[in-house]
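The values are calculated or read from the model by the stated rules, or taken from the named source; none is laboratory data. The model shown is predicted, which means the values in this text are computed figures rather than measured ones. So basically every Cβ, Gly included, is an ideal-geometry build from the backbone, and we count neighbours across all protein chains shown. Ligands, DNA and RNA are stripped out before the accessible areas are found, and what is left, the full protein with its side chains, is counted by its heavy atoms. Shrake-Rupley method; radii C 1.70, N 1.55, O 1.52, S 1.80 Å.
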Amino acid sequence: MKILFLDDDEFRWKKFKSQNPDVDATWAPNYHAATKLVDENQYDIAYLDHDLEFYQPTGADFVNYLIDKKIKIGKLICHSMNPVGRANMVAKLYGTGYSAINMPHAWEYGVNNVLKLF
């Protein structure tokens, strides 16, 4: 299971890794790193934050990128603490063939616990 973790907050990344030490996860701290990673690798799961670096593309822009490029990721977990941004990302994914959930703070729970929600 290969996971992409898009979030600009290094604390969340470290917390996620400490909760899931045995998963193959890669951290993308911004939109540009995430697009490069999905262009070069295949992921089974992606954890997505909405609000990234100030004045930079958001998690919603990344969702648009996935849809436009038809990049398939099995499960998308929108974990942003921004309720509107998180809901917008899930709404954009609805009906596009992606499996996505709206789960704030999902990075605080073990991957296996979150996957039970799909």
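Report the trypsin sites (Lys or Arg not before Pro) located in the stretch 79-118 that are in a DSSP loop and have at most 10 other Cβ atoms inside 10 Å of their Cβ, or state none. Please report the intermediate quantities before stating the final value.
On the way: sites: Arg86, Lys92, Lys116; in loops: Lys116.
Passing sites in the stretch 79-118 are Lys116.
Modelled label-to-label distance, Asp61 and Glu108, 7 Å Cα→beta-carbon offset: nm?
2.8 nm
Which listed residue (Thr96, Phe16, Ser80) has the Cα farthest towards the positive end of the charge dipole for the chain, taking +1 on Lys and Arg C-beta and -1 on Asp and Glu C-beta about the Cα centre?
Of the listed residues, the answer is Thr96.
How far is it, in nm, from the label point at Met81 to the one at Asp9 when both lie 7 Å from their Cα along the line to the Cβ?
In this crude spin-label approximation the distance works out to 0.3 nm.
So if each residue of separation counts as 0.36 nm, and I subtract the Cα-Cα distance between Asn41 and Thr26, what length gain in nm does that give? Could the numbers behind the result be given before it?
Values: separation 15, 0.36 × 15 = 5.40 nm, distance 1.04 nm.
Separation in residues times 0.36 nm, less the Cα-Cα distance, equals 4.4 nm.
With Cβ to Cβ distances under 14 Å as the rule, what net charge do the other residues near Gln19 carry (K, R +1; D, E -1)?
Working: positive: Arg12, Lys14, Lys15, Lys17; negative: Asp7, Asp22, Glu108.
Here the count lands on +1.
Rg and Dmax of the stretch 55-118, using alpha carbons, in Å: what are they?
11.6, 35
Roughly how big is the stretch 47-118's charge dipole about its Cα centre, with Cβ charges of +1 (Lys, Arg) and -1 (Asp, Glu), in debye to the nearest 20?
Working: 7 positive and 6 negative charges, 83 e Å.
That gives a dipole near 400 debye.
Which value, in Å² and to the nearest 10, is the accessible area of Lys36 when all protein chains are kept and the probe is 1.4 Å?
110 Å²
In whole percent, how big is the carbon plus sulfur part of the accessible area of the chain, probe 1.4 Å, protein atoms only?
On the way: 3140 of 6180 Å².
Roughly 51 percent of what the probe reaches on the chain is carbon or sulfur.
Pop the C-beta distance of Phe54 and Lys17 into the FRET formula with R0 = 30 Å and round what comes out to the nearest 0.05.
On the way: r = 25 Å, r/R0 = 0.82.
Rounded to the nearest 0.05, the efficiency is 0.75.
Kindly give Rg over Rh for the chain, based on alpha-carbon atoms, with the Kirkwood expression for the hydrodynamic radius.
Numbers: Rg = 12.6 Å, Rh = 13.8 Å.
Result: Rg/Rh = 0.91.
Which pairs, out of Lys36/Lys70; Lys15/Lys70; Lys17/Lys69; Lys17/Lys92; Lys14/Lys116; Lys36/Lys72, put more than 20 Å between their alpha-carbon atoms?
Working: Lys36/Lys70 14 Å; Lys15/Lys70 30 Å; Lys17/Lys69 28 Å; Lys17/Lys92 28 Å; Lys14/Lys116 22 Å; Lys36/Lys72 14 Å.
Where the Cα-Cα span goes over 20 Å, the pairs concerned are Lys15/Lys70; Lys17/Lys69; Lys17/Lys92; Lys14/Lys116.
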